[in-house]
1. Distance between the C-alpha centers of region 1-22 and region 334-380? Whole Å please.
2. Within region 32-125, which trypsin sites (Lys or Arg not before Pro) sit in a loop by DSSP and count at most 14 neighbouring Cβ atoms inside 10 Å?
3. With a 1.4 Å probe and every protein chain kept in, tell me what percent of the accessible surface of the chain is carbon plus sulfur.
4. Cα centroids of region 37-55 and region 78-157: how far apart, whole angstrom?
5. Can you tell which of Val591, Gly34, Val57 lies farthest toward the positive end of the dipole of the chain, using +1 and -1 charges on the Cβ of basic and acidic side chains (Lys, Arg; Asp, Glu)?
6. Considering Cα pairs under 8 angstrom that are at least six residues apart, work out the relative contact order of the chain and quote it in whole percent.
7. Less than 14 Å Cβ to Cβ from Val33, Lys/Arg counted +1 and Asp/Glu -1: what total charge do the surrounding residues give?
8. Can you give me the C-alpha center-to-center distance between region 577-596 and region 424-502, rounded to a whole angstrom?
Amino acid sequence: WQYAFNKLSAGDILYVRGGTYSPSGTLSGGAYVGVRIAYKNGTSANQITISAFGTEVPVLDCSNIKQAGWKVGILVDGCSYIRFKGLTVQNVNEHGYGDRPADGWVGGASNHITLEQCALTRCGGGFSFGGECDYIYFTNCDSYNNCDILFGAVSSGSAGGYCNGFSQNGNAGTHVFYEGCRAWNNSDDGYDNMGGAGYITYNNCWAFENGHTAGDWTDIVGDGDGFKLGLTPLPKETGTQRICTNCVAWNNDLGGFDESQDNGPVSDMTLYNCTAYNNKRSGFGFYSTAGDYSGIATIKNCISYKNDVNGGGRQNNYLRNNCVLSNNSWQSGTLTDADFVTLTATAAKGLRKADGTLPDISFMHLAPGSRLIDAGVNAGLPYNGNAPDLGAFETAGTVTVIIPVYVSSFIGSSTPTIVDMTYNSTLANIVPVTSAFSVQVNSIVRVVSKIAISGSKVLLTLQSPVKFGELVTVSYTKPSANILQTGTGGQAINISLKPVTNNLKNDNQSTSPPVITLKTLSEVYSGFIYEIEPSVSYDLTKEVITYKWTASNNVAVLSSTSSKIQFLAPPVNSLQTIQFQFDVSVGTTVVSKTIPINILPYKRELEMARMKKIRASSSLIPGAPLNVTDGNTLTNWTANGDNQWLNFTLAQPFKISHLEITFLPGQKSSFFFDIYASKDSITWRPILINSTSCNFSGNNQVFLFPESETAKEYSYLKYIGHGNSLNSSNIVSELKVFGSSVATNTKKNSEVVIYPNPVRNLLNISMKQPTFKPDMVRIIDYSGKIMLEKIFDPEIKNLQLPISLKSGLYIVELGANNIFQFAQSLIVSD
């Protein structure tokens, strides 16, 4: 990284490939660094960009930096207008030296620096930009599981007391912006501006479980504020120095939103639509009375619920008299769990969405009917309905409340202690108390010891198993809290003595194993979707039957647990056999069947068209249009939106038989597109309209031209994308055109024979047409690269060529005076 960073100048873009990089540490700028970028300056119009390549994840692992002294993963020194995106730093640690810190990412004397989708983990210090830094932007960044084992004892009196997720100690007049960031499991605070001047804004940021760490460091604890907004040096700056909007703080070891932790001069602050839940001290702590100035905290539309876990007497909040309060949850009425969709925040640590924004969660969202909806005052933030909601999450303007309806229940033979209840809608992950359900076995109550929610199912674990033939019923009574409900807040109604299907096996019953009968093709063509549907018969009546498919060669299938499957025949250059194993389970009996299928290449005798030019309506870096013909399925053309197109100019007129299109490897969605063809690039004929790709595999797929079009010669082809079944992205990895060119058609009767085909090491060419006298032969790959070229006497009619090429598809061309009049596809085999 250091070599590349040193080469950068204004306007440059540096892509870092995915993988783990392990520097040994170089003394630079007073610290032993993994990498330092110093005195590099872009401009507002030509910034320097350092970015992960595509969706790859480059990781700077600093485990090997063990020198005695200050250690830093990435040091930004004296720079301006630089954008970092998608980089991860990990394992910057003290390694036994407690007199200097071990920071993940440090900035000094720099301005207009943007960090986007960057992450720090397992470091001795988080993101820290201070000193003379100005206009620092953190967007969708994460800092988690960080801890200082030693240095905190020197700097703050206790181990763990130095390491914050994000910290800022800027000079007066500086500006820092946080958008969509997360800080969790950091040994000190999530966000710490203690003693920092300047103007700091937080929007849509989360801080949780700070003040302790997980894993190897569970005994290391620091302070534990979520947002420590900070004391301010005197004289105080003008205006509002701290702004928090739509932020959430929960499960922190001290306060959720705390101005300073200690008495002292504090800034003017505004907090609008923020939420504090289950913090051990206060939700909102604004209590400073010391110093020459106590700033004014303006707090509107905020929620504070179940804080003061340690019982320090702050009763959710600790607010001084000069706080300006308006429309906050504690100012009127009492909250209950029923005001929220769920109080479970497990999903908050999940993967971010594709654009880097925070994951969608239901935690602390307002439940339909909550008095907190439309209970706020206009604070300048967008809102739905008649007025803003309270808290960080605004409900939709109109929500269709889905009521979950009970469908049925059963007990399976493999799980005799579990009653499997099914509802007609997906349920929120809100688990009622066990007493909300009653299970009776032969009219006697059986204790429910555990409840789990999974999709549309409620799984009740019984204290003892059910037996074959026993009569089972289930009842549900709505509890006062944690009510069974959907994500929209629709609550399940009471049910009473509903019968439960007992599928347990009669151990005394004699059974026969299931019989599998196969009716399937023995040979199929590469690139097409096929279906296998065995017939299964069995004589059991009290067992649940299950299916399992296992495919060789990592062949993708639509479903591996259904009675039949669909699969996309994988790409092959010669005949290959794949095997499917079909397992049928009935109770403890398992019967297996192996199904071999031969995969043949589809029409490999045809020629593949060469592309002279490719244009695109738009593309997202690095998804350039030329990627669709580079032979590498790991690169692609990418464009967002409807009617995005690729325009191909063929090297010569071509009769098209079919297309082979490779979309996104490993995809689980369908891509939608149209194909048009033209002779002159002016008049376009619709060829394949409303086409859809395979929705369970991105391997190359064959799309046939209509028979009425295969005899026509086209010079231009257009692919028009309409997004996919998940979003508006259009992605094509490879697109190949097969058929026959004019040159091939011209010499169709020239009696040129190429054999053997496929070939291994010696190719024979026989030219029996007296008038056809080529003087050159060459073999090219399908990207147009010349792999072999030979000049020979035009009077020679039989030619032998030694072949030493990798297995694959090629084109043999014959011509004279550099004009090639014959072309034919060639397969080189192993």
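The values are calculated or read from the model by the stated rules, or taken from the named source; none is laboratory data. Note that the coordinates shown come from a computational prediction; the quantities given were computed from them, not determined experimentally. Every residue, glycine among them, receives a Cβ derived from its backbone with ideal geometry; neighbour counts consider all protein chains shown. Note: areas computed on protein heavy atoms with side chains; ligands, DNA, RNA excluded. Shrake-Rupley method; radii C 1.70, N 1.55, O 1.52, S 1.80 Å.
1. Answer, in whole Å: 39.
2. none
3. Values: 17590 of 35550 Å².
Exposed carbon and sulfur together represent 49 percent of the surface.
4. 18
5. So the residue furthest toward the plus end is Val591.
6. Relative contact order, the chain: 5 percent.
7. Net charge in that neighbourhood comes out at +1.
8. The two parts, judged by their Cα centres, are 34 Å apart.
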